[in-house]
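Step one of this worksheet: look at the structure below.
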Amino acid sequence: MIKTDSIARKILGWKLNRWDRWFDYEKGIFIHDSEFQPEKNLDHAMLIVEKLEKFGYKYTTNGVSEVAFNDVRETGETLAQAITNAAYTIITNHSKVNSTRIWQQLC
């Protein structure tokens, strides 16, 4: 859940409304935790891809279980899991360096 929470907050820009519900300010809707499962649902994972592409990341995949966003490459048991892993890697890698510019873009 840590990955999903971090991705929802830092990449998608959602705000925690309650302990079990997010609010998407861009669309003006609430998203329950059970309605956003990017590791299990490819449609949910593709929301992450779309957002990262808007931030200038180039998405590539082998189509099965490996993805790359620019120089960040990750794998997973499924494509959805690989996308989630790569997005989380982007978040964790950028928190270790001076990342004011990337966080301004992501948040």
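Can you work out the base-10 log of I(q)/I(0) for the chain at q = 0.09 1/Å, using the Debye formula on its C-alpha atoms alone?
For the requested q values the scattering log ratios are -0.21.
Can you list the DSSP H helices in the chain whose Cα atoms extend at least 20 Å along the helix axis and whose mean Kyte-Doolittle hydropathy is 0.0 or higher?
Answer set is 79-94.
Gain in length, E66 to E50, computed as 0.36 nm per residue apart minus the alpha-carbon separation, to one decimal in nm?
Contour length minus the Cα-Cα distance gives 4.1 nm.
Where in the chain lies the longest segment free of chymotrypsin sites (Phe, Trp or Tyr not before Pro) that are both loop residues by DSSP (not H, G, I, E, B) and have at most 15 other Cβ atoms within 10 Å?
Maximal segment without exposed cleavage sites: 56-107.
Loop only per DSSP, at most 14 neighbouring Cβ atoms within 10 Å: give me the GluC sites (Glu not before Pro) in the range 35-86, ordered by residue number.
E77
From the protein chains alone at 1.4 Å, what is the descending order of accessible area for K27, K15, largest first?
Sorted by accessible area, descending: K27, K15.
With a cut-off of 8 Å between alpha carbons and a minimum separation of six or more residues, what is the relative contact order of the range 1-89 in percent?
Computed over the range 1-89, the figure is 23 percent.
Could you sort D20, D43 by their accessible area in this structure, using a 1.4 Å probe and putting the largest first?
Result of the area sort, largest leading: D43, D20.
Given the alpha-carbon gyration tensor of the range 1-61, what are the semi-axes of its equivalent ellipsoid in whole angstrom, ordered largest first, with each equal to the square root of 5 times an eigenvalue?
Those come to 20, 13, 10 Å.
Report, by chain and number, residues whose modeled amide H sits under 5 Å from the one on N17, excluding near sequence neighbours (fewer than 5 apart, same chain).
It is W22, F23, by chain and number.
Report, in debye and to the nearest 20, how large the dipole of the chain comes out about its Cα centre when Lys and Arg carry +1 and Asp and Glu carry -1 on their Cβ.
It works out to roughly 440 debye.
Rank I2, I91 by accessible area, highest first, at a 1.4 Å probe radius?
The ordering from most to least exposed comes out as I2, I91.
The values are calculated or read from the model by the stated rules, or taken from the named source; none is laboratory data. Computed from a prediction, not measured in an experiment: that's the story for all the values here. Quick reminder, even Gly has a Cβ in these numbers, built from the backbone with ideal geometry, and neighbours come from all protein chains shown. Accessible surface areas use protein heavy atoms only, side chains included; no ligands, DNA or RNA. Shrake-Rupley method; radii C 1.70, N 1.55, O 1.52, S 1.80 Å.
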